Amino acid sequence: MIDRRRFIAGAAATALAAGAARVLSAAPEPVIRVTARRFVFLPNVLTLKRGVPVTLEFTSADVVMGFSAPDFNVRTDIIPGQVSRLRFAPDKVGDFTFLCDVFCGDGHEGMNGTLHVVA
Ligand SMILES: [Cu+2]
């Protein structure tokens, strides 16, 4: 019984070590959470790396919104009570405007932010 317990502990340690090696060899992709509410995105400056896939996770604090980054041809609806995920890898460096593309009220036209893409 003692030997068996020792074996199980050894197996667990081996599994942990294997897991640690996986984490080191493939860092998890970045995830950035963004809250949309009338009439702002928080945060409204998102720093990304060119060529590195990123997942943006959007939630809405009030009404249906949209996220659109025309320079990268990506968009998604943002629905209250849901998480909208958008995964892409920016292919150019610079500052690019993103905006809400679903009419959400009187401040909608000014609801935007910046994708700050670095090398
Ligand atoms: Cu809007």
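The values are calculated or read from the model by the stated rules, or taken from the named source; none is laboratory data. Not measured: the values here are computed from a predicted model. Here Cβ is always computed from backbone atoms with ideal geometry, including for glycine, and neighbour counts include all displayed protein chains. The accessibility values were calculated without ligands, DNA or RNA, using every heavy atom of the protein model including side chains. Shrake-Rupley method; radii C 1.70, N 1.55, O 1.52, S 1.80 Å.
With the biggest extent put first, the Cα atoms of the stretch 57-116 measure 32, 23, 15 Å across the principal axes. Ordered by solvent-accessible area of protein heavy atoms (1.4 Å probe), largest first, the residues 55, 47 come out as 47, 55.
Accessible area per residue of the stretch 31-118 at 1.4 Å probe, in Å²? Mind dumping the intermediate values first?
Working: 4580 Å² over 88 residues.
That works out to 52 Å² per residue.
Backbone amide hydrogens, once placed in the peptide plane, bring residue 101 within less than 5 Å of 66, 67, 68, excluding anything fewer than 5 places away on its chain.
In the stretch 31-118, what percent of the accessible surface is made up of carbon and sulfur (1.4 Å probe, ligands and nucleic acids excluded)? Walk me through the numbers on the way to the answer.
Numbers: 2190 of 4580 Å².
So the carbon and sulfur contribution to the accessible surface is 48 percent.
Among the trypsin sites (Lys or Arg not before Pro) within the stretch 34-119, those in coil by DSSP and having at most 12 neighbouring Cβ atoms inside 10 Å are 92.
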